[in-house]
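Each remark here refers to the structure printed beneath this line.
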Amino acid sequence: MSTIENNAEHSPHILVLGMGGTIAGVAGRPAENPMQYEAGQIEIASLLAHIQAAVPGDIKLVSQQVANINSRNLTEPLLSLLGETVRVALDNSMVKGIVITHGTDTIEETGVFLQLTCGKFAQNLGKRVILTGAMLPANAPKADGPSNLLDAIRWASTPIDNCPGGIYAVMHGRGCLAMDLAKRHGTALNAPIQASPSSSVGLINPSWLSGVKAVQALWNEDLPIPKGNEWPWVEILTSHAGARSETITHWLSSKVKGLVLAGTGMGGFHDAWRESLVAAVKHGIALVRTSRTGAGETAQDLPEADIVGCLASGSLSAPRARIALQLALNAEKQAQSAGKSLTWQDFFARIAVLPVIR
Ligand code: SIN
């Protein structure tokens with residue numbers, strides 16, 4: 001469903017896509033308990049109407065409701081729909097930039113998905129796609145959604161010195177690459193951005209910007225968006241004290257195509273898993289290794305030689321590595337049906353080497 005303000009779609013405009021989340025959430029008793037609320041209740045057109053007076057007069061906005069969900073319920077078909085919507089919008093010469101309002105719980109997955117499927121396209125066209133959200137529902141006394149949305153609209157529409165087209169996120173007065181955004185605190189207002197290398201939205205930090213350009217220089221081709229019902233099944237398994245081999249063998253009789261192992265420390269996993277993981281690879285299951293620590297990098301053959309075929313995830317967290325592996329498996333399938341002998345490892349390795357912005 002699409003809502004058009006004043007026929008703005010026929011003139012240059014910013015497209016604002018609504019996905020739901022706390023930014024569109026409503027609390028039953030906002031003054032007493034703003035954290036008891038339902039996400040994804042208010043339409044994007046109403047959120048825009050609420051901030052309209054603060055939007056600079058020369059910026060025209062068009063809104064489109066893609067979904068209105070609590071992002072913990074995000075699905076793969078919905079990611080496909082969002083990716084296709086972004087691609088079509090980027091291709092539209094009237095769309096000068098795109099803002100996406102999204103729940104912060106899984107904004108990490110959507111950020112990496114859009115970077116890997118639309119990042120090069122946005123960069124080549126010189127258009128910015130900006131994800132944003134909120135930690136407090138729209139009717140909370142100190143709701144953070146309106147200022148985040150305004151910042152995102154300005155970031156998407158304003159020429160910013162030297163800041164290229166690409167997929168970004170804005171929260172709590174700071175901007176970062178969307179693939180760097182991760183919620184690492186349950187409630188803090190800056191939770192989604194506090195662990196992400198970022199810049200003030202008012203004054204771009206030059207060293208952050210050179211990091212963005214280094215990532216973009218290495219990302220030279222977007223991956224295909226899987227069709228809604230064709231996403232390969234990939235699970236995340238966490239290694240922990242008392243891990244059992246059954247956690248792995250359980251999947252051998254399933255249709256799972258890949259496993260992301262959230263290991264301890266540098267990404268090592270319990271010895272109880274080793275034999276069954278070797279069996280999983282023989283079975284054709286793709287393996288990626290990452291760390292459950294939430295920070296740092298996972299390097300190939302560290303802390304010990306990897307099982308043949310298993311790839312380390314670089315700086316990708318487990319949720320990001322899962323999306324990356326799904327896209328890599330889908331890209332392998334498409335390449336092979338076009339007669340090219342590329343494997344998921346070829347695609348995943350391009351993602352895992354993307355530099356970390358500090
Ligand atoms: C959600 O992710 O939809 C709820 C939580 C949030 O947006 O902060």
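The values are calculated or read from the model by the stated rules, or taken from the named source; none is laboratory data. From a predicted model like this one, the values you see are computed outputs, not experimental measurements. FYI the Cβ positions are ideal-geometry reconstructions off the backbone, even for glycines, and counts take in every protein chain you see. The accessibility values were calculated without ligands, DNA or RNA, using every heavy atom of the protein model including side chains. Shrake-Rupley method; radii C 1.70, N 1.55, O 1.52, S 1.80 Å.
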Exercise for the section: Determine how many Å³ per residue the convex hull of the Cα atoms of region 224-358 encloses. Expected result: 112
Handout entry: Cut-off under 5 Å, modelled amide H: who pairs with residue 133 long-range
Key = 102
Problem - Principal semi-axes in Å for region 67-109 [√(5λ), Cα gyration tensor, largest first] - result: 22, 11, 7
Completion exercise
Note on the chain: helices (DSSP H) long enough, at least 15 Å by alpha carbon along their axis, and hydrophobic enough, mean Kyte-Doolittle at least 0.5, are 76-90, 206-218
Fill in the blank from the handout: Over the chain, with neighbouring protein chains present, the accessible area per residue in Å² at probe 1.4 Å is 43
Exercise for the section: Report residue 154's accessible area, 1.4 Å probe, all protein chains in place, as a number in Å² to the nearest 10. Expected result: 100
Practice task
Give me the orientation-averaged projected area of the Cα convex hull of the chain, in nm², one decimal.
Solution key: 18.5
Fill in the blank from the handout: Share of accessible surface on carbon and sulfur in the chain, whole %, 1.4 Å probe and ligands ignored, is 53
Fill in the blank from the handout: A chain fully extended from residue 244 to residue 217 at 0.36 nm per residue, minus the present Cα-Cα distance, gains in nm 5.5 nm
Handout entry: DSSP-defined beta bridges in the chain - what % are antiparallel, rounded to 5
Key = 25
Exercise for the section: Please state the charge dipole magnitude for the chain, taken about the Cα centre, from unit charges on C-beta atoms (+1 on K and R, -1 on D and E), reported in debye and rounded to the nearest 20. Expected result: 180
Handout entry: Relative contact order computed over the chain (Cα-Cα under 8 Å; 6+ residues apart), in percent
Key = 14
Practice task
On the full set of protein chains, 1.4 Å probe, figure out the accessible area of residue 248 and give it in Å² to the nearest 10.
Solution key: 0
